Amino acid sequence: MSRRPVFLKKKNLIADDYPPMRQLIRDALNQAGDYEISEAENGTEARMTDKTNDLFVRGLIDDSFENIEGDCEYIYRKIVDLSMNIVDGEECALLLFDEEAGTFNPKILNSAIHGAYERKAIPALQWVFRQVAYEKRALMIHSAERPEIMPSLICAPLMIRNNVFGILCIRRKGRLGPFTVKDLDNVVSLTRRASLNLENMVLYESVYNNVLDTFKSLLTSIQVRDNYTEEHCSRVAALSVKMAKAMYCNAREVESLQIAAMLHDVGKIAIPDKILLKPDRLTFEEFVVMKGHPEVGYRILQPIFLLDQERNIILHHHERWDGKGYPKGLAGKDILFPSRILAVADSFDAMTNKRPYRSAMDIPAAVEELKKKKGLQFEGRVVEACLQLLQ
């Protein structure tokens, strides 16, 4: 579930290559009064082209990071790729700054001579990295100042909360001459925009992990009452993930299913001990109460917008393929696909583990039970995926 931005490979990022955009910018400049567009006026077209190019580059930077998804590694690579494009770089490195150790550790390198670049160029540039990190500002250095740098170099900090956590370093292609102040401005715009995304990601992950820890502690409180629950959830999560990967679910779906499986019984916190811990089979009335745990779990997670997908998976993990499940009586493909996977994993683990009111089935007997319920309680292809993993 990821929209991946496309990074354009272009000789010059001039909006001439995008006539509609160029015309829009031309019209906007006219309306703003920045320029009176007249081919007869000397220099106007050149100034307009420069302005158009600036707007195009800034727009490309904003668009590239607007809805970017992926982990930090993915964003780091996009920073390097985009920076190479917007300033025609020949070599680029993104290094993470360990402030405590005072070291700069290469994370992403883009160079035709990758090994030599890492062994020679990176150590030789440590002085630049230190200056950028300690001054918290970008530097542009030309060969006139430092002959070993040909023809010029831009180094810019990546910062979160005004603390430098990384350095972006780009060297220009020699045939194109040195970098310009405009190139420096574009790189600074890129690093600031990317840093904002990374800061938001770190904040999101922190909140997300805190939320998960809170709900895991709820599960632990259930486990104090019923040792089976927490261990059961861990086993179901492991099997669900294996099944999802075997069925080619994408990374986001696998992650959501893993979390939902870990939390799928959180609603049991509302089940009275006399029912949850009963050593005999439940009566009809008691089973009605037990059947409420998916909806309770859904309501517990409902205020947490970060877990919207997971709470829906939990709500429907006791639905049946034939429509005879609960709580909504959904059937077939109306049931969320991750819920169909969770239903099989949950049932298999329940069958193969001992409960106070019955003995555990051996695996061959549980396999036969899954086969019998294929197309009735469970979707057939999900059962087949599970059976292949059990062989």
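What follows draws every value from the coordinates through simple rules; no lab data is involved. Nothing here was measured: the structure is a model prediction, and the numbers come from that model. Here Cβ is always computed from backbone atoms with ideal geometry, including for glycine, and neighbour counts include all displayed protein chains.
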Exposure proxy check: Ser359, Ser256 ranked by fewest other beta carbons within 10 Å? Ser359, Ser256
Return the sequence-ordered ³J(HN,Hα) values of segment 358-366 in whole Hz as given by the Karplus equation 6.51 cos²θ - 1.76 cosθ + 1.60 applied to θ = phi - 60°, using x for Gly and Pro. 6, 7, 6, 6, 7, 4, x, 5, 5
Given points 7 Å out from each Cα along the Cα-Cβ axis, report the Asn105 to Lys328 separation in nanometres with one decimal. 4.5
Which percent of the Cα-Cα distances in segment 251-391 go past 27 Å? 20
Most exposed to least, judged by fewest other Cβ atoms within 10 Å, Trp127, Trp321 sort to Trp127, Trp321
Cβ-Cβ FRET estimate between Leu176 and Asp213, R0 fixed at 51 Å, reported to 0.05: 0.50
Simple spin-label model, 7 Å along Cα-to-Cβ: Tyr74 to Gln391 in nm? 3.2
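Quote the FRET efficiency, to the nearest 0.05, computed for Ala360 versus Asn200 with a Förster distance R0 of 51 Å and r equal to the Cβ-Cβ distance.
On the way: r = 47 Å, r/R0 = 0.91.
Computed FRET efficiency for Ala360 and Asn200: 0.65.
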Cα-Cα over 20 Å, subset of Lys291/Lys328; Lys324/Lys373; Lys278/Lys354; Lys268/Lys354; Lys216/Lys278; Lys216/Lys373: Lys216/Lys278; Lys216/Lys373
Which value in nm describes the separation of the simple spin-label points at Ser143 and Asn250, placed 7 Å from the Cα toward the beta carbon? 4.6
